[in-house]
Amino acid sequence: APPDMELSPSLSLELLPTDPLLLILSFLDYRDLVSCCYLNRRLNQLSSHDPLWKRHCKKYWLISDEEKSRRNQGWRAIFISTYCDLGRYIHYYATLKKAWDDLEQYLGQWCPRMIGSLKESVREEDLDAVEAQIHCKLPDDYRCSFRIHNGQKLVVPGLMGSMALSNHYRSEDLLDIDTAAGGFQQRLGLKQCLPLTFCIHTGLSQYMALESVEGRNKYEIFYQCPDQMARNPSAIVMFITGSSYLEWFTSYVNKVVTGGYPIIRDQIFRYVHDKDCVATTEDITVSVSTSFLPELSSVHPPHYFFTYRIRIEMSKDALPENACQLESRYWRITNAKGDVEEVQGPGVVGEFPVISPGKVYEYTSCTTFSTTSGYMEGYYTFHCLYNKDRFFNVTIPRFHMVCPTFKVSTA
């Protein structure tokens, strides 16, 4: 500045008005807000302003105004006390807590008896003890989930979904931490793998790899499948179901609470429905959902087992005289190589259902492919109940079945 220009006095933090400073501080993350406490006395006083911590309590710990009232504490005190307990999980807690809350709310409405199977949370020292027992570190997202709920009791139905055919039933429980630790594997093929789920009927589990060994990525989640053509009994194939516990659990919960999986007989069935897989012929609509069954599948030799659930529904606005009975079915089955098989026969699963306005008929069947994917399509032939000379075909939409990604263990 020119020497003759009068300099204005330095702008001091102490001279700035409080409200603009609080507004600026309200945009800071909790770490920066804490750092401000150590800069000077003014910022220390401002960053301790209780309303500033409300956003962080809601964002990271999902603390509601009602819970704050019950605790009878300020927002800053709640944030600090919760951080002291759960601080290592701050990047996972809100996502997992919301998933658990959404799941409990949904179960309370649709599967109330399953709520009673959920276990209370575990303590940090319990998780530390498990790590000492298995000599392996647990991922923080897994630990965080068990600080909310310690899995469930070994009951049926299982929280992680069911599947049923005429002679086969599977229902997977989410294991509590002690049961999971008891099933921790150190044998070849499953070295350093922790079971996450267990089916009482089939013995099937989903495992999480705690280390990157035997061809697995660290924290990868999978179903194990024995390699029937290998001489080494420890050789397995892994059907991958998740890349981390957080992704695996939250994606499953999202499917459940958004209605992606149907509720049948008070339990969650893991059928996936493609919304485009619907066909309407006259007053009858046919929709299909499918599922892959790892416990009945094999990579070596190639044998991929799928089940499908079909829903046949007549519009409630249809005329009563349109009531009809299913006479036969025709299937055109195509694998990934383009090989085609045609099947025609009477009824479906031994039944000849009658469909009338507003009525629904559902059934489950299965198929296998020698390739990792394939599709089916076809039609049902119906005859009218009030005009037995009239027959007509109802389209079954094409539906695809795809095996999950898999890899072979390098054990």
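The values are calculated or read from the model by the stated rules, or taken from the named source; none is laboratory data. Treat the numbers as computed from the prediction; the structure is a model and nothing was measured. Methodologically, a virtual Cβ is constructed for each residue, glycine included, from the backbone with ideal geometry; neighbour enumeration extends over all protein chains shown. For the accessible areas, the whole protein counts, side chains as well, though only heavy atoms, and no ligand, DNA or RNA atoms are used. Shrake-Rupley method; radii C 1.70, N 1.55, O 1.52, S 1.80 Å.
Table for the structure above
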{"quantity": "Filtered trypsin sites (Lys or Arg not before Pro), region 363-411: DSSP coil and at most 16 other beta carbons within 10 Å", "calculated": "K388, R390"}
{"quantity": "Convex hull volume per residue for region 304-366, taking Cα atoms only, in Å³", "calculated": "99"}
{"quantity": "Quarter of the Cα convex hull surface for region 272-403, i.e. its orientation-mean projected area (nm²)", "calculated": "8.2"}
{"quantity": "Simple Cβ-charge dipole of region 45-119, Lys/Arg +1 and Asp/Glu -1, about Cα centre, in debye nearest 20", "calculated": "140"}
{"quantity": "222 nm mean residue ellipticity, helices alone, for the chain (DSSP H n ≥ 4; -39,500 (n - 2.57); rounded to 500)", "calculated": "-7500 deg cm²/dmol"}
{"quantity": "Relative contact order (%) - criterion: Cα under 8 Å, at least six apart; region: the chain", "calculated": "11"}
{"quantity": "Longest segment of the chain lacking GluC sites (Glu not before Pro) that sit in a DSSP loop with at most 12 other Cβ atoms within 10 Å", "calculated": "121-411"}
{"quantity": "GNM top mover of Y379, Y38, Y93 - the chain, alpha-carbon springs below 10 Å", "calculated": "Y38"}
{"quantity": "Magnitude of the charge dipole, the chain, Cβ model with Lys/Arg +1 and Asp/Glu -1, debye to 20", "calculated": "440"}
{"quantity": "Accessible surface of the chain [probe 1.4 Å, protein heavy atoms]: carbon and sulfur percent", "calculated": "51"}
{"quantity": "Cα gyration tensor shape for region 243-337, rounded if a/c is under 1.5, else prolate or oblate", "calculated": "oblate"}
{"quantity": "Simple spin-label estimate for H400 and F27 in nanometres, 7 Å along Cα-Cβ", "calculated": "4.5"}
{"quantity": "Options T285, A336, S297, ranked by Cα towards positive dipole end of region 272-403, top entry (Cβ charges)", "calculated": "S297"}
{"quantity": "Estimated dipole of region 94-255 in Debye, rounded to 20 [Cβ of Lys and Arg +1, of Asp and Glu -1, Cα centre]", "calculated": "400"}
{"quantity": "Residue-normalised accessible area of the chain, expressed per residue, 1.4 Å probe, Å²", "calculated": "50"}
{"quantity": "C-alpha center-to-center spacing [region 184-244, region 281-309] in angstrom", "calculated": "23"}
{"quantity": "Shape of region 94-255, Cα gyration tensor, a/c cut at 1.5", "calculated": "oblate"}
{"quantity": "Added length on full extension, which subtracts the Cα-Cα distance from 0.36 nm per residue, Y169 to D274", "calculated": "35.5 nm"}
{"quantity": "Most mobile of C199, C37, C366 in a GNM of the chain (Cα contacts under 10 Å)", "calculated": "C37"}
